[in-house]
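Every read-out reported here was derived from the displayed coordinates using simple, explicitly stated rules and does not represent laboratory data. Nothing here was measured: the structure is a model prediction, and the numbers come from that model. Every residue, glycine among them, receives a Cβ derived from its backbone with ideal geometry; neighbour counts consider all protein chains shown.
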Protein chains: 2
Amino acid sequence: MDMLSVMQDAGTKCLDRLSQDGGSLYLQVKRALLTCIESRVWLPGDQLPSETLIAGQLGVSIGTLRRAVDELVQEQVLVRRQGKGTFVALHSRDRYLFQFFRVEAREERFGAGIPSDSEYPEVECVSFERQRADEAAADALRLRTGDPVFVIQNRLSLKRRAVVLDHIVISATLFKGLNEKRFLERSSTIYNFYQTEFGITVLHARERARAVLASREAIRRLGVAPGTPLIEVQRLAHSFGERPVEWRTSLIYTQQHDYVSDVSAPR
Amino acid sequence: MDMLSVMQDAGTKCLDRLSQDGGSLYLQVKRALLTCIESRVWLPGDQLPSETLIAGQLGVSIGTLRRAVDELVQEQVLVRRQGKGTFVALHSRDRYLFQFFRVEAREERFGAGIPSDSEYPEVECVSFERQRADEAAADALRLRTGDPVFVIQNRLSLKRRAVVLDHIVISATLFKGLNEKRFLERSSTIYNFYQTEFGITVLHARERARAVLASREAIRRLGVAPGTPLIEVQRLAHSFGERPVEWRTSLIYTQQHDYVSDVSAPR
DNA sequence: AAGTGGTCTAGACCACCAT
DNA sequence: TGGTGGTCTAGACCACTTA
């Protein structure tokens, strides 16, 4: 297990001290693990050292380590596979589909159960530009007005019907080296692309929705009639430590689709 | 502690066996605790016997019991208060406000932080009727078409501006004894009212939203102009065991407010 | 068969709350 | 002071994966 021992050596800097007084021991352990991930000592997809090893290195009991790992698994930062090991979570197509893409074909029967129709949308890039952040985007992304950003417009279709128009703003500093060619040639989900190509993991987002009338651009891009009501969703997506990394505005044509959400216990 | 011992005796029927083979031991324990609550042996607000006592009665270790309780606390079925005890959760005004009422005044700055403006809406009852369930409502609530239901329309205002029109359908069988007078005279949040008066606890909900143009009724009730776009939200609220208990359609006027949601790890 | 995570135990000690 | 939940320990044993 050469890779593992290398990882442990590299991880030593994160794992040999629990000095940060973050309250209870398991929270300090959790913070130490997060530090290993945020500092890219452990990369998405990597296997962690075994629980026994980490616990030993940190000088805590295995139960305490497990409590910390439990929380990170729940937050989808880590993934456990019985018999194999614990891994830094990778964004899968399914995770994107079920967690972040929340548009579903209209159901006649509400309580019917699992949506049959959760298909992956077809994505077309409408425009890709390098611009300067306006006030709203800078505010959301914690940049200064005028900082360089990429502005990407995508059109998403389900069953060949244009349903969503996305307007995405990301920091050009954070996504250093991104260009239209790389973006167009990506072979995966956009959040997977962020993660594998730029090391940016989207963990959760906050959304605000309102009803609007189709703008001229929406009429053209979505092919809807003037006066059509649409849902406009503003999303701020966050990475570790609540760091905002993507500012997105989506226009959703809800003639045959719904914007779906769950209302359950807050985290 | 007379009340406690009575509760334990009553609870014996739930707590003396773990026969239901629900997989691992702590899951069986969790199910046993849920049974005590669902069968109303323990009522909302009641204090549970101490962890030591329950663990002893069930013949499991305290760690195993705690794991079961941990999950129920996370699902907001139980509440722990250090030094005092563990209690069956009661719906508070705050829980309604923060978890289930998801309309907030528009913020100019998105990432600004905690919404300053989360005020409790003023609620007016527009109509209260006993009707027969139509197909959609029956479907959602797992009733038969034509079963008796209560249909309640409420108008919600924030800062004296009408913002939401709620259309609520609940089973008259489940809410036996409800009438307009009792509904109007309730002194609390609607979900708190369901819980304290009818023993029905709303745990979570699933919502589907779409943009619509204001109907004649919305124009009249919300005082908006014809052609105004609104968000229509259909909510199915569930109690224990995924039992649907309330079917609600809300029209939201989003001129100065947003429909807000979090996108985080699924449960 | 060896290594991993998954479950469960039987304690110890601490922090908080009531009286 | 006595009871409650909160944290932590150091194991044992099981189930799953890989070789």
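Give me the number: length gained by fully extending A:S39 to A:Q82, i.e. 0.36 nm times residue separation minus the C-alpha to C-alpha distance, one decimal in nm.
Numbers: separation 43, 0.36 × 43 = 15.48 nm, distance 2.62 nm.
Residue separation times 0.36 nm, minus the Cα-Cα distance, leaves 12.9 nm.
Work through the residues other than A:Y191 whose Cβ is under 14 Å from its Cβ and net out their charges, Lys, Arg +1 and Asp, Glu -1.
Numbers: positive: A:R93, A:R95, A:R102, A:R186, A:R235, A:R248; negative: A:D94, A:D166, A:E197, A:E246.
With Lys, Arg at +1 and Asp, Glu at -1, the neighbours total +2.
Which whole number in µm²/s is D for region B:39-106 by Stokes-Einstein, with the Kirkwood Rh taken over Cα pairs at 4 °C and 1.567 mPa s?
Working: Rh = 13.5 Å.
Diffusion coefficient, whole number: 96 µm²/s.
Over the Cα atoms of region B:93-259, compute the convex hull volume and normalise it per residue, giving Å³. It would help to have the intermediate numbers written out before the result.
On the way: hull volume 20.9 nm³, N = 167.
Per-residue hull volume (Cα only) is 125 Å³.
For chain A, calculate the relative contact order in percent as a whole number, restricting contacts to Cα pairs under 8 Å that are 6 or more residues apart.
Details: 426 pairs, mean separation 39.0, N = 267.
Worked out over chain A, it gives 15 percent.
Out of A:G56, A:V41, A:P148, whose Cα points farthest toward the positive end of the dipole of chain A (charges: +1 Lys, Arg; -1 Asp, Glu; placed on Cβ)?
A:P148
Can you list, shortest first in nanometers, how far A:E71 lies from the same residue in the other copies, with each label 7 Å from Cα toward Cβ?
Label-point separations across copies, in nm and ascending: 2.0.
Over all directions, the average projected area of the alpha-carbon convex hull for region A:135-229 comes to how many nm²?
Numbers: hull surface 30.8 nm².
Projected over every direction and averaged, the Cα hull of region A:135-229 covers 7.7 nm².
Angle check, please: helix B:25-38 long axis (alpha carbons) against the longest principal axis of chain B (alpha carbons), in degrees 0 to 90, nearest 10.
For helix B:25-38, the angle is close to 60 degrees.
Report, by chain and number, residues whose modeled amide H sits under 5 Å from the one on A:I200, excluding near sequence neighbours (fewer than 5 apart, same chain).
Residues meeting the criterion, in which the H sits 1.01 Å from N, are A:Q195.
Over the residues of region A:178-240, compute the C-alpha Rg and express it relative to 2.2 N^0.38 Å. All intermediate terms of the calculation are to be shown ahead of the outcome.
Details: Rg = 15.8 Å, N = 63, 2.2 N^0.38 = 10.6 Å.
Against the empirical 2.2 N^0.38 Å value, I get 1.48 for region A:178-240.
Starting from the Cα of A:S127, step 7 Å toward the Cβ, then list every residue of region A:235-263 with an amide N under 17 Å from that point.
Answer for region A:235-263: A:248-251.
Per-residue mean of other chain beta-carbon atoms within 10 angstrom of the beta-carbon, peptide A:229-239?
On the way: counts 11, 3, 8, 5, 4, 3, 3, 2, 1, 3, 0.
Average neighbour count from other chains, rounded to a whole number: 4.
In what sequence do B:R81, A:R40 fall when counting other Cβ within 10 Å, fewest first? Walk me through the numbers before you get to the answer.
Details: B:R81 9, A:R40 12.
Going from sparsest to densest Cβ surroundings: B:R81, A:R40.
If packing is taken as the mean number of other Cβ atoms within 10 Å per residue, what is the order of B:202-208, B:90-96, highest first? Mind dumping the intermediate values first?
Details: B:202-208: 19.9, B:90-96: 16.0.
Per-residue mean Cβ counts within 10 Å order the peptides as B:202-208, B:90-96.
Angle between the Cα long axis of helix A:2-15 and the longest principal axis of chain A, 0 to 90 degrees, nearest 10?
Helix A:2-15 and the main axis of chain A meet at about 90 degrees.
Sketch the reach of a paramagnetic label on A:E197 as a point 7 Å from Cα along Cα-to-Cβ, and name the residues of region A:143-162 whose backbone nitrogen lies under 17 Å away.
The answer is A:149-155.
Between copies, how far apart are the B:G85 label points? List them in nm, one decimal, shortest first, with each point 7 Å from Cα toward Cβ, please?
4.9
Give, rounded to the nearest 20 debye, the magnitude of the charge dipole that chain B has about its Cα centre when Lys and Arg contribute +1 at Cβ and Asp and Glu contribute -1 at Cβ. Could you put the intermediate results ahead of the total?
Working: 37 positive and 34 negative charges, 44 e Å.
Computed about the Cα centre, the dipole is about 220 debye.
Using a label point 7 Å beyond Cα on the Cα-Cβ vector, give me the inter-copy distances for A:S24 in nanometres, one decimal, shortest first.
Label-point distances to the other copies, shortest first: 1.8 nm.
Taking N as the number of residues in region B:201-267, what value does Rg over Cα atoms divided by 2.2 N^0.38 Å take?
Values: Rg = 14.4 Å, N = 67, 2.2 N^0.38 = 10.9 Å.
Normalised Cα radius of gyration, region B:201-267: 1.33.
Could you tell me what a quarter of the Cα convex hull surface of the protein assembly as shown works out to, in nm² with one decimal place? List each step's numbers first, then the result.
Numbers: hull surface 112.5 nm².
Its Cα hull, projected and averaged over all orientations, spans 28.1 nm².
Dipole size in debye (nearest 20) for region A:158-246 around its Cα centre, Lys and Arg Cβ +1, Asp and Glu Cβ -1?
Numbers: 15 positive and 9 negative charges, 63 e Å.
Here the size comes out at about 300 debye.
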